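A short worksheet on the structure shown next.
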Amino acid sequence: MVRRLIRTTKDNRKIIEGAASYKSEDLRYLNGLIADGRIRPVIDRIFPLEELSEAHRYGESGVKKGNVVVSNR
């Protein structure tokens, strides 16, 4: 379901990175974990779709503390 990479930061925090597959049952499972409070996504910033290039620059800058979301609304 999720390909993961675990790495350690300079201050010894562990970061788990990965990409979810596109299977709908996997997304429902993840949604259930979030709804139950078992996992909590960390969102750093939300960008409108019109600022996609800025969102990409921010994500690659090395200063983000969570996920970068691009909204199409």
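Key figures
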item	result
Cβ pairs under 7 Å, 6+ apart, first in segment 28-52 and aromatic (Phe, Trp, Tyr), second exposed (fewer than 10 other Cβ atoms within 10 Å of the Cβ)	none
Selected residue (only one of 22, 29 is out of contact with any strand residue (DSSP E or B) (no Cβ under 6 Å at 6 or more places or on another chain), surrounded by 12 or more Cβ atoms within 10 Å (Cβ to Cβ) and either assigned by TED's automatic domain parsing to the domain that holds residue 9 or under 29 Å from residue 10 (Cβ atoms) (or both))	29
Of all residues in segment 54-73 being of a type outside the set (A, V, I, L, M), over 11 Å from the mean Cα position of the chain (by Cα) and in a helix (DSSP H, G or I), the one that is farthest from residue 17 (Cα to Cα)	54
Verdict on residue 51 being exposed (fewer than 11 other Cβ atoms within 10 Å of the Cβ) and in a helix (DSSP H, G or I)	no
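Here is a yes/no grid of residues against (1) modelled with pLDDT of 90 or more; (2) part of a loop (DSSP other than H, G, I, E, B):
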residue: 5; (1), (2): no, no
residue: 12; (1), (2): no, yes
residue: 16; (1), (2): no, no
residue: 33; (1), (2): yes, no
residue: 38; (1), (2): yes, yes
residue: 41; (1), (2): no, yes
residue: 46; (1), (2): yes, no
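The values are calculated or read from the model by the stated rules, or taken from the named source; none is laboratory data. Since we're looking at a predicted model, the values are computed, not measured. As a convention, Cβ positions derive from the backbone with ideal geometry for all residues, glycine included, and neighbour counts pool all protein chains shown.
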